[in-house]
Amino acid sequence: MRVPVRLRRLLRAGARPLRPISGLGWAVLTVGALMAVAGYRLGWVEAASVGTGLLGAFAVALILTVGRSTYDVDLGVSDRRVKVGQRVAGRLLVRNIGSRRLLPARLELPVGLTRAAFPLPSLAGGAVHEELFAVPTARRGVITIGPALSVRGDPWGMLRRRVAWTQVLQVYVHPQVVPLEGAAVGVLRDLEGQATTVVSDADMSFHALRDYVPGDDRRHIHWKTTARTGTLMVRQFDDTRRTHTAVAVATGPGDHTDEEEFELAISVAASIGAQALRDESDLTFLAGARRLRSENATRLLDDLAGIERGNGGHTTAELAAWVASSAPEASLVVLVTGSLTADGVLRRQVKHLRPGVRTVLLTCRPGARSAVRSHGSVSLATVGSLTSLAQVLRQAVTG
């Protein structure tokens, strides 16, 4: 029979997300057609009557479903970026841009894995209907809202015509972040960056004087000392470099005991990364299976909102090698992991990094007492809460 194919094409026009004919609808259409054909050919009046009735019911459902809707739907939210615990307020504004009255329908709005339904009354030409909603944010993540769908169909559930009227909006639920002013990461800094032990002939940090040799820049001649000694003396400087912070978070399934511990690790790493960007330091941030955007704190937190535990991420045993290949120029390396990682595994990470690189290994364990152990340029620290992070970093740096 050609009728079902034509009906399918007709009903799918404009209905992108879901199939318009339900399983019940296909059953009614198939059984009705078979009984009607068999009844008329075999002279079985009862079967023909039942088949005709089923086809008639399907035809009524089709009449209630087809038709063009002249909606203009606007979907908006109060903020596309919120912190955990904040509510996202939203609005659906539906307008009938046609001249004829539209029959009542239903609006469906997918929100994450759920679907909210709003009754849509009959709208005269030019009439407007508004629906307000709120989305709670109990945990970090990326919430997809939309598209808004108008739903028309029959009361028996045989046909449903869903038409998408808006685009999908993404709401980023950022992790909790604490400011870390005063917990400066690094050592002695000058206006351009961090001092090193390399001596330079032209920089910003004055180191000492030496005898002039041909080819030296005469602007660096120290005339007072030259006049006193009778020998040309030039200034010599400490070479400086910009602080480059590399932060890597372990997201393997065997690194954290539960989601609470994993969320603490994400918040700890996010706080360090955001502070490095506020200090205008170069930042390389590694989490999950990729390098996150670090142009500014907003983009970094957007990317962190979508990081999930155990979703193809690197384990603690792979972090330092990942940092060494992704940010070989890093002057400070911060590795963040969970309580399931042994100290021996953490210590072995240092061998993958350049000698002398300041390294901080942070183990996140909610409720634990914060503690710091330092061995040369390496510090092992336990973070029990986000509020103690600033103190832990100060101890790690001074240690």
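The values are calculated or read from the model by the stated rules, or taken from the named source; none is laboratory data. Values in this document were obtained by computation on a predicted structure and should not be read as measured data. Counting neighbours? That spans all protein chains shown, and the Cβs are built from the backbone with ideal geometry, glycine included. Quick note on the areas: whole protein, heavy atoms, side chains included, nothing else; ligands and nucleic acids left out. Shrake-Rupley method; radii C 1.70, N 1.55, O 1.52, S 1.80 Å.
Please enumerate the residues belonging to the stretch 387-396 that are open to solvent by less than 30 Å² (accessible area, probe 1.4 Å) and at pLDDT 85 or above. Spell out how you get there, then give the answer.
First, pick out the residues of the stretch 387-396 that are open to solvent by less than 30 Å² (accessible area, probe 1.4 Å): 388-390, 392-393, 396.
Passing the criteria: SER388, LEU389, ALA390, VAL392, LEU393.
Quick one: how many residues across the stretch 99-110 are more than 18 Å from LEU75 (Cβ to Cβ), surrounded by 11 or more Cβ atoms within 10 Å (Cβ to Cβ) and not basic (Lys, Arg)?
Going through the stretch 99-110 one residue at a time, the tally reaches 2.
Would you mind telling me which numbered condition in (1) surrounded by 14 or more Cβ atoms within 10 Å (Cβ to Cβ); (2) part of a helix (DSSP H, G or I) ALA59 fails?
(1)
Within the stretch 377-399, take every residue that is free of Cβ contacts under 8 Å to residues at least 60 places away in the same chain and in a loop (DSSP other than H, G, I, E, B) and give me the one that is nearest to SER326 (Cα to Cα).
SER377
Looking at this structure, is ALA138 assigned to a strand (DSSP E or B) and of a type in the set (Gly, Ala, Ser)? Break it down stepwise before answering.
Numbers: assigned to a strand (DSSP E or B): no; of a type in the set (Gly, Ala, Ser): yes.
So ALA138 does not fit the description; no.
Test ASP216 against the criterion of being at pLDDT 70 or above, closer than 27 Å to THR337 by Cα, touching a strand residue (DSSP E or B) at 6+ places or on another chain (Cβ under 6 Å) and outside any helix (DSSP H, G or I), and give yes or no.
On the way: at pLDDT 70 or above: yes; closer than 27 Å to THR337 by Cα: no; touching a strand residue (DSSP E or B) at 6+ places or on another chain (Cβ under 6 Å): yes; outside any helix (DSSP H, G or I): yes.
Judged against the criteria, ASP216 is not a match.
Would you be able to tell me the number of residues in the stretch 111-135 that are of a type outside the set (Asp, Glu), open to solvent by 20 Å² or more (accessible area, probe 1.4 Å) and assigned to a strand (DSSP E or B)?
First, pick out the residues of the stretch 111-135 that are of a type outside the set (Asp, Glu): 111-129, 132-135.
Right, trim to open to solvent by 20 Å² or more (accessible area, probe 1.4 Å) and you get 111-119, 121-122, 124-129, 132-134.
Subsequent filtering for residues that are assigned to a strand (DSSP E or B) retains 111, 114-119, 128-129, 132-134.
Here the count works out to 12.
List the helices (runs of 4 or more DSSP H) that sit entirely inside the stretch 284-376 and contain at least 3 residues that are crowded, with 18+ Cβ neighbours inside 10 Å and aliphatic (A, V, I, L, M). Break it down stepwise before answering.
Working: elements: 297-305, 316-326, 343-348.
Fully inside the stretch 284-376 and qualifying: 297-305, 316-326.
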